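The values are calculated or read from the model by the stated rules, or taken from the named source; none is laboratory data. Just so you know, these numbers come straight off a predicted model, no measurement behind them. Quick reminder, even Gly has a Cβ in these numbers, built from the backbone with ideal geometry, and neighbours come from all protein chains shown. Note: areas computed on protein heavy atoms with side chains; ligands, DNA, RNA excluded. Shrake-Rupley method; radii C 1.70, N 1.55, O 1.52, S 1.80 Å.
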Amino acid sequence: MNDSVTPKPKRADGQITGLAGELFVAAELLKRGIQTSITFGNAKAIDLLAHNPDTGRNFTIQVKAIRKKNVFPISHNKIQPAHVYVFVVLNQPGEAVQYFIVPGTTLANEPERFTHWFLDPKFPGFNWRILQEQGFENAWHLFAER
């Protein structure tokens, strides 16, 4: 009998994943000339506040980050139509981060676009591929619209 026990791989810290996603999104917005502030704290309703000085528009942004290509755990009944949602796949170090930008109105008013799992009461969410297939990848132009 072998007494050695293979240790379980350490689970990624969800708060670190979330913060990494927020910082990556903030950097991308700042790179595009969008003034951005990060809201720190737990259980916050807004992750980022942004302002486009060219259009005068303000944005409230929710960031949902995952470490690898998988499912974004998000429930349709938690969607705020006024927010912009940025879904982030961090990927492995050295591999490019992927961004999917979706208006809250689209998530709120067209849930069927994101599969029935988005409406599932027990395990809500949707796969990153849905966002890619529907053209939300790198949709940074949403922050430039008037």
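Of all residues being within 16 Å of G18 (Cβ to Cβ), part of a loop (DSSP other than H, G, I, E, B) and open to solvent by 40 Å² or more (accessible area, probe 1.4 Å) in the range 32-60, which is modelled with the highest pLDDT? Just the residue, please. Within the range 32-60, the match that is modelled with the highest pLDDT is I46.
Taken over the range 92-141, residues that are assigned to a helix (DSSP H, G or I), open to solvent by 30 Å² or more (accessible area, probe 1.4 Å) and under 26 Å from G33 (Cα atoms) amount to 3. Number of residues in the range 73-89 that are open to solvent by less than 20 Å² (accessible area, probe 1.4 Å) and part of a loop (DSSP other than H, G, I, E, B) equals 2.
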